[in-house]
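Taking it in order: structure first as structure tokens, then the write-up.
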Amino acid sequence: MRSSNPVFSRRGFSRDTGYAGFNAPPQAGGPAAPPYAGTNPYAQGGNPYAADATNPYAQGQQHVTHAPPQTRPMTMDDVVARTAMTLGTVIAGATVGWLFLTGSLGFAVGAGLVAMVLAFVQSFKRKPSPALILSYAALEGLFLGALSGFINDLPKMNGAPMQAVLGTMAVFVAMLVAYKTRIVRVTARFTRFVMIAAMGFVLLSLVNVLFMVFGGGDGLGFRSGGLGIVFGIVGVVLGALFLALDFKQVEDGVTYGAPREESWLAAFGLTLTLVWIYMEMLRLISILRGD
């Protein structure tokens, strides 16, 4: 499946992950060889989504059958456990950054840049690397903690980071409920719309940074005033929509028998999206408070 994250593309639950048995294609001239037969409720022709054109794992061509899988399928418990581990590492890093790096923003920005590089490296790896993902989480946490502490010490900003945390949690819970109750349905059209909107948002953000660097001031005005508020709201909404895409990836991975290792990619993607929402929420709160 293609990336569902607004900043980085990652390979997860796809046909080229290199895990034998997941997405096992049909034999030439014969019936499909179902992955994880005996435990897969969709095996033996019972998959109600087999004819669905939106199924990212449907195989329409004939290939040589892969070898039997070597790992058990991913479960929701795997995703929850690894997401908790990844987010816990972010929180631990943020605590250190808040307590010791608030006055050293240069070091914190450096940690953030290294975290971005690690995220890109993981995005282009064929298989998840838990060490790489947790290293990203720790460095990203240092950056977020130092930045949040710095903002919290500014005039009229006391408590803003905690409000951003609560806002991020509220967005996550609201989108999870909307997704589970099918108020939000992830379709091909929905995915295209979100991806196009995200590309436009990121492009405008980059243009704004360029104007700030070379023209000085507030660039195009996306960081203050009414335009800044609108831009911040759009950023939060986009993050919420990407959460729906992340939930869909997790659901498909569990349903169609992704290998257990893929749960690390699910945790990585959810962490990236939550960091996005927190940053946009923090910026929006800062604008609303008038700083």
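The values are calculated or read from the model by the stated rules, or taken from the named source; none is laboratory data. If you're wondering where the values come from, they're calculated on a predicted model, not measured in any experiment. Because the Cβ atoms are built from the backbone with ideal geometry, glycine has one as well, and the counts that use them run over all protein chains shown. Note: areas computed on protein heavy atoms with side chains; ligands, DNA, RNA excluded. Shrake-Rupley method; radii C 1.70, N 1.55, O 1.52, S 1.80 Å.
Assorted remarks:
- From Ala115, Ala119, residue being over 10 Å from Leu142 (Cα atoms) and surrounded by 14 or more Cβ atoms within 10 Å (Cβ to Cβ): Ala119
- Residues within region 215-252 that are within 15 Å of the chain's Cα centre (by Cα) and over 20 Å from Ile183 (Cβ atoms), tallied: 1
- Taking the conditions (1) open to solvent by less than 60 Å² (accessible area, probe 1.4 Å); (2) free of Cβ contacts under 8 Å to residues at least 24 places away in the same chain; (3) under 25 Å from Phe247 (Cβ atoms) in turn, Gly159 satisfies each one other than (3).
- Pairs with Cβ under 9 Å, 6+ apart, first in region 172-186 and farther than 25 Å from Val275 by Cβ and without any contact (Cβ under 8 Å) to a residue 40 or more places away in the chain, second small (Gly, Ala, Ser) and crowded, with 16+ Cβ neighbours inside 10 Å: Arg185/Ala244
- Note on region 184-291: enclosed helices (runs of 4 or more DSSP H) holding 3 or more residues that are surrounded by 20 or more Cβ atoms within 10 Å (Cβ to Cβ) and not basic (Lys, Arg) are 225-255, 262-288.
- Qualifying residue in region 91-102 (condition: touching a Leu at 6+ places or on another chain (Cβ under 6 Å), assigned to a helix (DSSP H, G or I) and closer than 23 Å to Leu288 by Cβ): yes
- Flag if Arg126 is within 23 Å of Val254 (Cβ to Cβ), crowded, with 22+ Cβ neighbours inside 10 Å and among the basic types (Lys, Arg): no
- Filter result for Ala170 (of a type in the set (A, V, I, L, M), over 15 Å from Arg289 (Cβ atoms) and surrounded by 17 or more Cβ atoms within 10 Å (Cβ to Cβ)): no
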